[in-house]
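A quick write-up on the structure given underneath.
The values are calculated or read from the model by the stated rules, or taken from the named source; none is laboratory data. The structure presented is a predicted model; accordingly, all values stated were derived computationally and were not measured. Heads up, the Cβs are rebuilt from the backbone with ideal geometry, glycines too, and the neighbour counts pull from every protein chain shown. SASA here: full protein model, heavy atoms, side chains in, ligands and nucleic acids out. Shrake-Rupley method; radii C 1.70, N 1.55, O 1.52, S 1.80 Å.
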Amino acid sequence: MNQDPPGETRRDFITQTAAAAAALAAAPAWFVRAAGEPAPVKAEAPWYRRTLRWGQTNITEIDPARYDIDWWRGHWTRTGTQGVIVNAGGIVAYYPSRVLLHRPAEHLGGRDLFGELCRAAHETGLVVFARMDSNRAHEEFHRAHPDWFAVDASGRPHKAGELFVTCVNSPYYDEHIPAILREIAERYHPEGFTDNSWSGLGRGTICYCENCRRTFRRRSGEDIPRGTDWNDPVYREWIRWNYDRRLEIWDLNNRATRAAGGPDCIWAGMNSGSVVSQCQSFRDYKAICERADIIMLDHQSRNDATGFQHNGEAGKLVHGLLGWEKLVPESMAMYQAGRPTFRLASKPAAEARLWMLDGVAGGLQPWWHHVGAYHEDRRMYRTAEPIYRWHAGHEAFLVNRQPVATIGVVWSQQNMDFLGRDDAELFVELPWRGITQALVRARIPYLPVHADHIDRDARRFSALVLPNLGAMSDTHVASVGRFVAGGGGLLATGESSMFDQWGDPRQDFALADVFGAHLTRPLGASDEGRRKRNASDTAHTYLRLAPERRALVDGPHAGNEPAVTGTRHPVLRGFEETDILPFGGVLESLRVDAGAEVLATFVPAFPIYPPETAWMREPKTGVPGLILNAAGNGARVAFLPADLDRRFARDYLPDHGDLLANLVRWVAKDDLPLSVEGPGLVDCHLYRQPGRVILHLVNLTSAGTWRQPVHELIPVGPLHVGVKQPQDVRGRRARLLVAGTAVAARTAAGWSRFDVNSVLDHEVVVIE
Ligand SMILES: [Zn+2]
């Protein structure tokens, strides 16, 4: 199989290195970083640590007949692309393969398209990820090896369109795919491999093939579960078994590529920017990042609910697991991806641009992605170039940096699986989104922190947020307890700590003493439906703020009301003119510890229609909606049984966002590293490098902020910025890397303050 004599790999490598140097010498002036800027990554670092700009022309089966390699080479150079992802094999091969049943692409016609592209890229000084797609096959393959394919309970094959879905527990993954990887590595020497959909059948479909039955029985002594039952220990074991098998495949493929292509010939699969999607594909993000050298992110566009800011967050979430010294390139669609999808039409440039810029702000590396090698809508070829140009000019500030944030928002995949179950959007995603949107809106920098990393990362943070983190192991509970005992602040919402790691209800909140609140009765199995209803429905309910302040404000007074009692707590700042907030959720009684303070109580539902009936039947209850508690060392704890995070994600009422932001500021004792004042929705990301602070301001203000696509960019400004100065930063000068200017900064009391006059799409400020 190996066509090359020994030593060929090394000679190729030397040729490639020389070609890379030649290509760099020929690169346009803007491609060379500004004078005086250090190289962002040491030249001797492995390729997967220094390839900062990526590109992919996703080959369709008709392309071998029309692929204009010279034009695309020009595009690589114009965009300053340093690495390409090239379709190689899997469902179909884009080179003449000798592996049995590795079917050539429909119009390949004997052409070695992958080989030509791989050579062209290497000659141009680019690195190559050979792209695989190893999850299904055509009918002739199925006829030859029916036992390599996934089947349902009655033995019928699982199909995706005309193709048959392969089973992850079959020799397709143990033998066939590694044989292809070996062939490609030995013949073409790509730097590494990716795989579009390497993890096989998702959680929604159970395979009952002989291989699955046998291996699951060997592990558990049980039969494959008949269906989804999150309360069944066998189903739970099936979930864990599936996760473990994907990790085995990850390791198996890496062994194959490294054995054939050398220690740096890595296999990097492909992962999602959405944790719920990782769950549904059995990809254990933390375990994958522990073994990965780079994460190739398939997260191509926003949806209306999560916005562009989700991309910056995805970058921070993955780097939190992977480490900030490694790279996370992200496939960014140049075509109309999302809803609706038009593979051959250009994505509106402003929409594509903001997605890319928010990703870069979150530490992602750009990766333009076209489907097909020929397009009649040529506008898509113009989108990446200006961003890549800017990126190349300022790359030193965009990698090898540490994020600065004092708020950690805690997540775990276990919570997504076992609290979320079949309703992860309702129980996990919405509360998360509500909290993080409130933080973005308030320009409070935060980092996603995995529950396993609370102890590791505790020193970074002034406060942690548990957004309905219901399913917590005893270890996670203990970590949060230690954080608070050490003086850290805590905001927890909804059902946080109410369940164990399997999603089984506990007798009381595991963090009850920290919250200063206890369940009056433990949950039973019969409560599941009610929990779901309460979380999904919007009832005509309110929260009553304490203490009431009626006589203080202008308005009619009802006959027998008491006058003002006491002063409002600072977490209620901004609500001086109201005693109630709209709510929408449903609350039940809790037992509150003496010493804990109830700042909001539940007003039960009353009619909306007809208007004559819209008066509170029970204006006051003792059912708490917001509880503040003082823990050890003066730590501040806020427990918000009212699901305002979920409500804010869904209803977007400013009151909910404001109260969430107030609570975060209070539990963190206002220990925040950034303040940005001025109009608009601006996503702020702050970083440190030795001797400097770097601030990304991404302007998400537009008529399409919550409805894709953006038609037009609308500038905001001036923004009044304050950045807390680290010891090694004098902070008298702020360079604006997009405007291309510098502004003087005022320094006082450890803060550096300056104005950014106008931001169209983004600005990156370097404070030195
Ligand atoms: Zn199977």
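Overview of values
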| item | result |
| --- | --- |
| Test result for Ala259, away from the ligand (no atom under 12 Å from the Cβ), among the aliphatic types (A, V, I, L, M) and more than 30 Å from Ala424 (Cα to Cα) | yes |
| Number of the condition not met by Cys289 [criteria: (1) closer than 28 Å to Ile454 by Cβ; (2) more than 16 Å from the ligand (Cβ to nearest atom); (3) open to solvent by 10 Å² or more (accessible area, probe 1.4 Å)] | (3) |
| Qualifying residue in region 163-171 (condition: at pLDDT 95 or above and more than 13 Å from the ligand (Cβ to nearest atom)) | yes |
| Residues of region 606-634 that turn out to be under 22 Å from Arg521 (Cα atoms) and buried (at least 16 other Cβ atoms within 10 Å of the Cβ), as a count | 7 |
| Answer from Arg226, Arg217 - the residue that is in contact (Cβ under 8 Å) with a residue 60 or more places away in the chain, more than 9 Å from the ligand (Cβ to nearest atom) and over 30 Å from Gly261 (Cβ atoms) | Arg226 |
| Exclusive hit being closer than 16 Å to His370 by Cα, in contact with a Ser or Thr (Cβ under 6 Å, 6 or more places away or on another chain) and either at pLDDT 95 or above or not small (Gly, Ala, Ser) (or both), set Gly90, Gly74, Gly83 | Gly83 |
| Among residues of region 236-254, those that are free of Cβ contacts under 8 Å to residues at least 12 places away in the same chain and more than 16 Å from the ligand (Cβ to nearest atom), counted | 1 |
| Scope region 299-345; condition outside any helix (DSSP H, G or I), open to solvent by less than 20 Å² (accessible area, probe 1.4 Å) and either under 18 Å from Leu713 (Cα atoms) or among the basic types (Lys, Arg) (or both); matching residues | Arg302, Gly307, Phe308, Met334 |
| His720 vs. criteria surrounded by fewer than 14 Cβ atoms within 10 Å (Cβ to Cβ) and part of a loop (DSSP other than H, G, I, E, B) | no |
| Elements of type strands (runs of 3 or more DSSP E) contained in region 429-520, each with 1 or more residues being surrounded by fewer than 24 Cβ atoms within 10 Å (Cβ to Cβ) | 446-450, 517-519 |
| Single residue of region 98-147 satisfying the filter (within 16 Å of the ligand (Cβ to nearest atom) and in contact (Cβ under 8 Å) with a residue 60 or more places away in the chain) that is surrounded by the fewest Cβ atoms within 10 Å (Cβ to Cβ) | Asp147 |
| Pairs, first surrounded by 22 or more Cβ atoms within 10 Å (Cβ to Cβ) in region 53-67, second assigned to a loop (DSSP other than H, G, I, E, B) and of a type in the set (S, T, N, Q), C-beta under 8 Å, six or more apart | Arg53/Thr81; Arg53/Gln82; Trp54/Thr81; Trp54/Gln82; Gly55/Thr81 |
| Residue list for region 71-89, filter: small (Gly, Ala, Ser) and free of Cβ contacts under 8 Å to residues at least 12 places away in the same chain | Gly74 |
| Residue among Gly155, Gly204, Gly200 that is in contact (Cβ under 8 Å) with a residue 60 or more places away in the chain, open to solvent by 30 Å² or more (accessible area, probe 1.4 Å), within 16 Å of the ligand (Cβ to nearest atom) and not aromatic (Phe, Trp, Tyr) | Gly204 |
